[in-house]
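Worksheet: the structure to be examined is printed underneath.
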Amino acid sequence: MTTPVTGAGTQQTATGGAAAGKQSATSALTSDFETFLRLMTTQAKYQDPLEPMDSSDYTAQLAQFSSVEQQVLTNETLTSMLTALSLSNMSQLTGWVGKEVRAQAAAHFDGSTPISVAPNPAAVADKVEMVIYDAEENEVGRVELPVSAEPYQWNGKDGEGETLPEGSYTFVIESSSKGEVILSEVAEVYGVVEETQNVNGEVALILESGSAILATSVTALRDPDTPSGSS
């Protein structure tokens, strides 16, 4: 099955990888800076007094020393600025706590309240199925849908008409044409935001289902008592 960012995560993985790369680069520069300092000190300490280092070479090395130092300081400053910006964005998005956001994520089923699923099937499909997965990524049901992007109200039942237990569920929309699946992607659902977090320099929203999604992946925002729309 296709999994969302947090489910909460190809986007999260990519973000984490980029942040890790920045941290690695800063660490490497810091290490080079300290190594360069030790080499300069050792070179000055053990140079032959009868044949001292050429002044132009010494000046060039000092220039390199200064350049490395500036690179390290610049990276540290940029890191601080990015952290401050992320915290500022997170503070602004705390107003989303308690509201419902729509994104590709797992949804929490309380055992009775229907869940509004937003499918986006391929326009050329001749058959569309919504595949339901539980929190352990086990397929627990299939429901045939019309070839339409209209929201579908899932009433918590599997393909056999049995009501599934309370828990988190992910909905994958499979579009088929002439018996072959041509598109399979996680459907967008609404979920209540319970918390905002700073994750590798980006703001993540923690949903009631336990999913963590990037704020930039949200496509809609509403109050919890807003009507879900028709199926």
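Can you confirm whether LYS99 is open to solvent by 20 Å² or more (accessible area, probe 1.4 Å), within 23 Å of VAL218 (Cα to Cα) and in contact with an Asp or Glu (Cβ under 9 Å, 6 or more places away or on another chain)? Spelling it out, LYS99 is indeed open to solvent by 20 Å² or more (accessible area, probe 1.4 Å), within 23 Å of VAL218 (Cα to Cα) and in contact with an Asp or Glu (Cβ under 9 Å, 6 or more places away or on another chain). Taking the listed residues THR163, THR219, the one that is touching an Asp or Glu at 6+ places or on another chain (Cβ under 7 Å) and open to solvent by 20 Å² or more (accessible area, probe 1.4 Å) is THR219, with no other qualifying.
Filter region 102-127 for residues that are closer than 14 Å to GLN153 by Cβ and either open to solvent by 30 Å² or more (accessible area, probe 1.4 Å) or touching a helix residue (DSSP H, G or I) at 6+ places or on another chain (Cβ under 7 Å) (or both) and give the result. Hits for region 102-127 are SER112, THR113, PRO114.
The values are calculated or read from the model by the stated rules, or taken from the named source; none is laboratory data. Note that the coordinates shown come from a computational prediction; the quantities given were computed from them, not determined experimentally. Glycine gets a Cβ as well: all are built from the backbone with ideal geometry, and neighbour counts include every protein chain shown. Note: accessible area is taken over every heavy atom of the protein model, side chains too, but ligands, DNA and RNA are not part of it. Shrake-Rupley method; radii C 1.70, N 1.55, O 1.52, S 1.80 Å.
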